[in-house]
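Undergrad: I have a structure I would like to understand better, so I am pasting it below and will then ask my questions one at a time.
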Amino acid sequence: MALWTLIGLAKGKATTRWPRKGGNDGQEGLLGMPRYHPDRCTPGCADCAAICPTGAIQAGDGGLAVDYGRCVVCQLCVEACPTGAMAASADWAFGVRQRNDLRWAEPAPEATPSGRSERRGFRRSLHIRHVDAGSCNGCESELQALNNPFYNLHRLGIFFTPSPRFADLLLVTGPVTAAMAAPLRATYDAMPQPRWVMAAGTCAVSGGIAAGGYACGHGLDGVLPVDVYLPGCPPNPAAIIQALLMFLDRAPQQVRGGHIGQ
Amino acid sequence: MKGTEIRDISIEDLPAAAQQLLDSLGRMQMAYACAGQDGAVELRYLGTPAAGGSFVLWRCKPTAEPPSLAAIWPLLGWYEREIMDLFGLRFRDHPEPNRLVLHANIPPPLAPANGHGAAAQPSLNGNSPRALPEMQAPDVQLLPFGPVRADVLESAEFNFFYIGEQILHYQPQLFYKHRGMEDRFQGVDATHGVILAERVSAVGSVAHALAFCHAVEAACDCTVPPRAQWLRVLLAELERLYNHLHYLGHLCNTTTLKVGEAQGKLLEERAKQINARLTGSRFLRSLLIPGGLRRDLQPKDWLSAALEALRADIAQYVRHLEASDSHLDRLLTTGVLTHQVAFEQGATGPVQRASNTDRDLRRDHPYAAYAEVPLTIPVREEGDAYARARVRIEEIDASITIMQHVLHSLPDGPVRSPCPPVPLAEGLGWAESPRGTLFYAVHFGSDGRLARVKIKSPSFSNWRAFPFTVHDTNMMDYAINEASFGLTISGCAR
């Protein structure tokens, strides 16, 4: 008979110190959203826009329109770009409060100080109800990883709850399929006030690769009011934690107007 | 179609041919519909004549009501229902004539405009996929569960007819997540197609992309450089590794072995971090492309040691699991899938190998560099939850052995050769995913873009077999039994 308690104790602590200083976020080597350097663009070149599978980069009269809310991190633009204007990066902390902060803007807008928010009472204890509205299971795989010993989400006072009645935040993945629209709405309606919604993953933000067609919507916009947007395909566990802490005013929002803070 | 022998067959001869395939110990793999050269609907059936033989594809022009083959090959029941939903054909004498993938009664979305099943008409199949059998006995209760379930899980609805602890009848509805992925491929080029294939089921990203690339490479007659072939084996086995580790942790969750769950999921996290360090993606994405790989990998200096360290920790973890009576008691004799039901309903992968069937595409129809690596295919006879776990445990070790062989023998050279599209070409591709056989049938249009892509995923096959292990069992075993199958819903629903 294996003595699991002793085995567990003997293994010691596996949890990272991150997001405290010096902690390992566990994302070594990970390729994030391509970083856009408009100064490196050749006039008239739109190779990245031509290859982008989700229209995250679109060529217009005034140059390129870049929308990280539609990026599926496929890296095709990085490979297509002849000048390094779309450069590989390790940028994944893309949780934002406003959808517009995922769209490239020149210059980057200033941070607006958020006053005393109604989230204040939830800073140290947040309960999340997750709803899969048609994901590819990548987001679920990373959400499940949040409770593995490495990330150990509980230590931050953030919990998943089975019932929407106990939930403060509705975390939605997937582009919202036709058949999931009603159950999603019913789950939201069952939540007590105040309640918030997070769109996790590019599908929930904008529809991603599955958007449109006979069975799929374009994510949560127009379906539910969204308080946090986190694109990524899928967002890694550290990115999800960062977005949740940002929502609780425990970490700064790193991305504004598509620019990531240093 | 490249990758398989093609036979034209008349619709009247179809039942006799299906029966002959069954009598000659062959195997039906899948069925799908597409638009033929004349624009009308065409039916395709993929089979294997006998163990080890190459695939054969039957092609036939349906009449207004083609005969259902579900009585001969029960596994075809779902394929036929999907064709009814999407193409507007009605199969004669179908045993379960309800819609499968479409909740709303919309016009068949893939029906060609000038074929059978005019696109403007609502579906011929009026019954909702959620229709349940009528139950007369007043003591029998219905427990509907889902589609939003407890915990962080994929959406699906499960209906249990039960008395006390005893489940009398179980009916899942798995297509809440139907995204119409096959339709999303239509009109895009092959490069964009790989990005889609990687996102059909994320925990099968490599297998899906690989089967898609194989199909395109077969259709367009491209050759893949040897180094890319070997690296593809490495990627496929890394995918098997983190999937099977997740499986073991999740199985401990259902038997309430909490430390065992934590340890299993920590091992999975280590495997995913290795994936990210090697490829830049925790799901091993953004590498495969028809013709090889998008960029080279340099795994030689550190990966071998990292895998060996993981192998030792996994061995210790498995020893502890095998010494936990409370865990084993819940698995042994739970959810028995007999050899016969596994065959009839089309079970695949570790699930079928645990029910005494020795079948693995890596050996039977080798692809990439699998013909040159040492393969161990574990098979168990019992068909219970323990056998399914045991097969996966043994596959983990076999996977690491394969990867070490790849790292040792990896040839130098380029990793990509050009693979231009061939208009109107068709190809069949396959891969043994961590969950079993995966097929992609790819049809190019006259413009060199994808015209039709059919995905046969292993979870679609195994979900079909799973309910047969739930009827007449008890509620306490259900979660354990479901976890022991290791199924995904997005792979099934697409």
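The values are calculated or read from the model by the stated rules, or taken from the named source; none is laboratory data. Keep in mind that what you see is a predicted model, and the values were worked out from it rather than measured. Ideal geometry is used to build each Cβ from the backbone, glycine not excepted, and the neighbour counts take in all protein chains shown. Just so you know, the surface numbers come from the protein's heavy atoms only, side chains and all, with ligands and any DNA or RNA stripped out. Shrake-Rupley method; radii C 1.70, N 1.55, O 1.52, S 1.80 Å.
Undergrad: Using each residue's phi in segment B:167-174, evaluate 6.51 cos²θ - 1.76 cosθ + 1.60 at θ = phi - 60° and report the 3J(HN,Hα) Karplus result to the nearest Hz, with x for Gly and Pro.
TA: 8, 8, 8, 10, 9, x, 10, 10
Undergrad: While we're looking at this one, here's another question. Quick query: amide H of A:ASP91 versus all other amide H atoms, modeled in the peptide plane; which residues come in under 5 Å with a sequence gap of 5 or more or a different chain?
TA: HN-HN under 5 Å from A:ASP91: A:GLY32, A:MET33.
Undergrad: Okay, next question. Counting protein heavy atoms only and a 1.4 angstrom probe, how many square angstrom of accessible surface do chains A and B bury in total, to the nearest 100?
TA: Counting protein atoms only, the buried area is about 4900 Å².
Undergrad: Threshold 50 Å², probe 1.4 Å: give the residues of segment B:255-271, in number order, that are less accessible with all protein chains present than with their chain alone.
TA: Correct list: B:VAL259, B:LEU266, B:GLU269.
Undergrad: Then there is this: Of all the accessible heavy-atom surface of segment B:1-129, with the other protein chains kept in place and a 1.4 Å probe, what percent is carbon and sulfur? Display every interim value, and only then the final one.
TA: Details: 2750 of 5110 Å².
The C+S portion of the solvent-accessible surface of segment B:1-129 is 54 percent.
Undergrad: Order the peptides A:230-237, A:95-102, B:218-225 from the highest to the lowest mean number of other Cβ atoms within 10 Å of their residues.
TA: A:230-237, A:95-102, B:218-225
Undergrad: Is the shape of the protein assembly as shown rounded, prolate or oblate, going by the alpha carbon gyration tensor and its root eigenvalues a ≥ b ≥ c, with a/c under 1.5 for rounded and a/b larger than b/c for prolate?
TA: rounded
Undergrad: In what sequence, highest mean first, do B:453-462, A:241-250, B:31-40 appear when ranked by Cβ atoms within 10 angstrom?
TA: Numbers: B:453-462: 26.5, A:241-250: 21.3, B:31-40: 17.0.
Highest mean packing first, the order is B:453-462, A:241-250, B:31-40.
Undergrad: Taking the Cα centre of the protein assembly as shown as origin and charging only Cβ (+1 Lys, Arg; -1 Asp, Glu), how large is the dipole, in debye to the nearest 20?
TA: That gives the protein assembly as shown a dipole magnitude of about 2020 debye.
Undergrad: Using just the helices of chain B, give the 222 nm mean residue ellipticity in deg cm²/dmol: DSSP H runs with n ≥ 4 each add -39,500 (n - 2.57), and the total is spread over all residues, rounded to 500.
TA: One gets -12000 deg cm²/dmol as the mean residue ellipticity at 222 nm.
Undergrad: At a cut-off of 50 Å², which residues of segment B:136-180 become less accessible once all protein chains are present than in their chain alone, using a 1.4 Å probe?
TA: With the partner chains in place, segment B:136-180 has these residues losing at least 50 Å²: B:VAL148, B:VAL152, B:TYR176, B:LYS177, B:ARG179.
Undergrad: Another question, if that's okay. Treat every Asp and Glu Cβ in chain A as -1 and every Lys and Arg Cβ as +1, leave all other atoms uncharged, and give the resulting dipole magnitude about the Cα centre to the nearest 20 debye.
TA: 1200 debye
Undergrad: Within 10 Å of each Cβ of B:105-112, how many other protein chain Cβ atoms are there on average?
TA: Mean shielding count: 1.
Undergrad: Expressed as a whole number of Å, what is the distance separating the alpha-carbon centroids of segment A:1-43 and segment B:85-114?
TA: Cα centroid of segment B:85-114 versus Cα centroid of segment A:1-43: 46 Å apart.
Undergrad: Within 10 Å of each Cβ in B:202-211, how many Cβ atoms from other chains are there, averaged over the peptide? Please list the in-between numbers first.
TA: Details: counts 10, 5, 2, 2, 0, 0, 1, 0, 0, 0.
Across B:202-211, the average partner-chain Cβ count within 10 Å equals 2.
Undergrad: Given axes a ≥ b ≥ c from the Cα gyration tensor, I'd like to know whether segment B:1-129 is rounded (a/c under 1.5), prolate (a/b larger than b/c) or oblate.
TA: Prolate.
Undergrad: Could you pull out every residue, at least 5 positions away or on a different chain, whose amide H is within less than 5 Å of the one on B:LYS2? Hs are placed 1.01 Å off N in the peptide plane, and Pro or chain starts have none.
TA: B:GLU426, B:GLY427, B:LEU428
Undergrad: Still on this structure: Check every DSSP H run in chain B and write down those whose alpha carbon atoms cover 18 angstrom or more along the long axis and whose mean Kyte-Doolittle hydropathy is -0.5 or greater.
TA: Span-like helices, by this rule, are B:205-220, B:226-254, B:303-322, B:385-409.
Undergrad: Within segment B:181-493, what whole-number % of the accessible surface is contributed by carbon and sulfur, with the 1.4 Å probe and all protein chains included in the calculation? Please list the in-between numbers first.
TA: Working: 4680 of 9000 Å².
With neighbouring chains kept in place, the figure for segment B:181-493 is 52 percent.
Undergrad: Roughly how crowded by other chains is peptide A:160-169, in terms of the mean Cβ count from those chains within 10 Å of each of its Cβ atoms?
TA: Numbers: counts 3, 2, 5, 2, 1, 0, 0, 0, 0, 0.
Whole-number average of other-chain Cβ neighbours for A:160-169 is 1.
Undergrad: To continue, here is another question. Within the protein assembly as shown, what is the number of lysine pairs with alpha carbons under 24 Å apart, leaving out pairs fewer than eight places apart on the same chain?
TA: 18
Undergrad: Right, another one. I'd like the antiparallel share, as a percent to the nearest 5, of DSSP beta bridges with both residues in chain A.
TA: 45 percent
Undergrad: Using alpha carbon centroids, what distance separates segment A:53-82 and segment B:460-482, in Å?
TA: When both Cα centres are located, 45 Å separates them.
Undergrad: Please work out the C-alpha center-to-center distance from segment B:1-66 to segment B:132-163 and express it in whole Å.
TA: 36 Å
Undergrad: Additional query: With every protein chain present, what is the per residue accessible area of the protein assembly as shown (1.4 Å probe, Å²)?
TA: I get 36 Å² per residue for this part.
Undergrad: Taking the mean number of other Cβ atoms within 10 Å as a proxy for protection, how do you rank B:242-250, B:324-332 from highest to lowest?
TA: Numbers: B:242-250: 24.0, B:324-332: 16.8.
Put in order of decreasing packing, that is B:242-250, B:324-332.
Undergrad: Could you grab the relative contact order for chain B? Cα pairs under 8 Å, six or more apart, rounded to a whole percent.
TA: The normalised contact order for chain B reaches 18 percent.
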